[in-house]
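Let me begin by presenting the structure, written as structure tokens, before commenting on it.
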Amino acid sequence: TEFQELSAKILADDPAYGRLWLTVSDLVGERQRRYDKAADLAQKALETDPTDAVAYTTLGEALMNLGRTDEAEKAFNLGVEKSKRYSDVKRDNWLEALTAMRGFVLVQTPRFKVRMASREAKVFEPYLLPLLEEAWETLAPKYGLALTPVVYVDAFHSADDFSVRSVGVPGLPAL
């Protein structure tokens, strides 16, 4: 493909240019919501340049969106280490969101895995899970979706935690 040819040329000039894979990972994750591919590409960026602290954040974001929170937290913490503990707003806020999620429980249907505070699960579960399934049944045929992956949903009590999880920083309107 054209991308393979171009990437081969770029890496021939600079074999340690992991940002090539990182840029593609960002595009695939953010624009196409293909977090599985984004995680693979971020990993490839780290294989090319294991010192790139930003690549650990990108990997962590993709892993969060795949529901792999333990691996995401490890990636974020490696980013802290590789950055020599310099602040990174997005990464540090993700770590804060993970701290807020520590007491979450997982409730699920065949299509959805919902993480929420345990004190709220008994109230929300009987309403939220059927609502998600109803939305799927209504919207999938309407938009021609034939997806098989499980969709992860994180339900936050705090608007700032929701904002961090949704857009990477607190205080921004995430809806």
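Structure notes:
- About the centre of its Cα atoms, the range 35-76 shows a dipole size close to 60 debye [charges on the beta carbon of Lys, Arg (+1) and Asp, Glu (-1) only; nearest 20 debye].
- Each residue of the range 150-155 was assigned a 3J(HN,Hα) from its phi angle through the Karplus expression (A = 6.51, B = -1.76, C = 1.60, θ = phi - 60°), giving 6, 9, 9, 10, 10, 9 Hz with x at Gly and Pro.
- Relative frequency of Cα-Cα separations exceeding 17 Å in the range 93-145, percent: 48
- Under the convention that each Lys and Arg Cβ holds +1 and each Asp and Glu Cβ holds -1, the size of the dipole of the range 1-94 around its Cα centre is about 200 debye.
- Distance from the C-alpha centroid of the range 30-74 to that of the range 87-127: 19 Å, rounded to the whole angstrom.
- Multiplying each eigenvalue of the alpha-carbon gyration tensor of the chain by 5 and taking the square root yields semi-axes of 32, 22, 12 Å, largest first, rounded to whole angstroms.
- For the range 28-175, a crude dipole built from +1 on the beta carbon of Lys and Arg and -1 on the beta carbon of Asp and Glu, taken about the Cα centre, is about 80 debye to the nearest 20.
- Probe 1.4 Å, protein heavy atoms only - accessible area per residue of the chain in square angstrom: 62
- Accessible surface of the chain, 1.4 Å probe, proportion on carbon and sulfur as whole %: 55
- Furthest towards positive pole of dipole, Ala146, Leu98, Ser118, structure part the chain, Cβ charges: Ser118
- Cα gyration tensor shape of the range 53-153, rounded if a/c is under 1.5, else prolate or oblate by comparing a/b with b/c: oblate
- Among the lysines of the range 25-170, pairs that are 8 or more positions apart or on different chains and have alpha carbons within less than 16 Å of each other number 5.
- With contacts taken as Cα pairs under 8 Å at a separation of at least 6 residues, the chain carries a relative contact order of 15 percent.
- Every helix of 4 or more DSSP H residues in the chain counts as -39500 (n - 2.57), and over all residues that averages to -21000 deg cm²/dmol at 222 nm.
- Derived from the Cα gyration tensor, the three semi-axes of the equivalent ellipsoid of the range 1-55 are 18, 15, 7 Å, largest first.
- Within the range 1-39, none of the chymotrypsin sites (Phe, Trp or Tyr not before Pro) combine a DSSP coil assignment with at most 10 other C-beta atoms in a 10 angstrom radius.
The values are calculated or read from the model by the stated rules, or taken from the named source; none is laboratory data. Keep in mind that this is a model prediction, so the values were computed, not measured. Quick reminder, even Gly has a Cβ in these numbers, built from the backbone with ideal geometry, and neighbours come from all protein chains shown. Heads up: the accessible areas ignore ligands, DNA and RNA and are worked out on the full protein's heavy atoms, side chains in. Shrake-Rupley method; radii C 1.70, N 1.55, O 1.52, S 1.80 Å.
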